[in-house]
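What follows is a single structure, written as structure tokens, with notes after it.
The values are calculated or read from the model by the stated rules, or taken from the named source; none is laboratory data. Fair warning: this is a prediction, and the values are worked out from it, not measured in the lab. Here the Cβ positions follow ideal geometry from the backbone for every residue, glycine too, while neighbour counts run over all protein chains shown. With ligands, DNA and RNA removed, areas are computed over all heavy atoms of the protein, side chains included. Shrake-Rupley method; radii C 1.70, N 1.55, O 1.52, S 1.80 Å.
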Amino acid sequence: MKKQLDANRKKKKNEKAERKQERKENSAGGGLENMMAYVNEFGEITSTPPEKPKLKDQE
């Protein structure tokens with residue numbers, strides 16, 4: 001009886017580890033760049049950074 005319970009626990013643990021590994025391999029990932037969000041001049045959230053205005057040379 002106890003051997004059977006231990007075997008079931010090990011089986012479940014292995015299945016969980018396999019599912020975790022599968023999720024890790026199939027995830028989009030990407031890091032910080034994919035998580036960044038920007039607000040444009042109209043107050044809307046976008047995924048592209050705003051363009052920096054070009055400053056005129058002051059001589």
Exercise for the section: Please compute P(r) over all alpha-carbon pairs of the chain, binned at 10 Å starting from zero, and give each bin as a whole-number percent. Expected result: 17, 20, 18, 16, 12, 9, 5, 2, 1
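Given a 1.4 angstrom probe, what's the average accessible area per residue across segment 8-58, in square angstrom? Mind showing how you got there, number by number?
On the way: 5720 Å² over 51 residues.
Result: 112 Å² per residue.
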Practice task
Run the quick spin-label model on residue 54 and residue 8: label points 7 Å from Cα toward the beta carbon, then report their separation in nm to one decimal.
Solution key: 7.2
Fill in the blank from the handout: the chain: longest segment with zero exposed trypsin sites (Lys or Arg not before Pro), where exposed means DSSP loop plus at most 11 other C-beta atoms within 10 Å, is residues 1-53
Fill in the blank from the handout: Taking the chain, the lysine pairs whose C-alpha atoms sit under 25 Å apart (8 or more places apart or on different chains) add up to 17
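For the chain, what does -39500 (n - 2.57) per DSSP helix run (n ≥ 4), summed and divided by total residues, give at 222 nm, in deg cm²/dmol to the nearest 500?
Working: 2 runs with 29 residues, N = 59.
Estimated from H runs of four or more residues: -16000 deg cm²/dmol.
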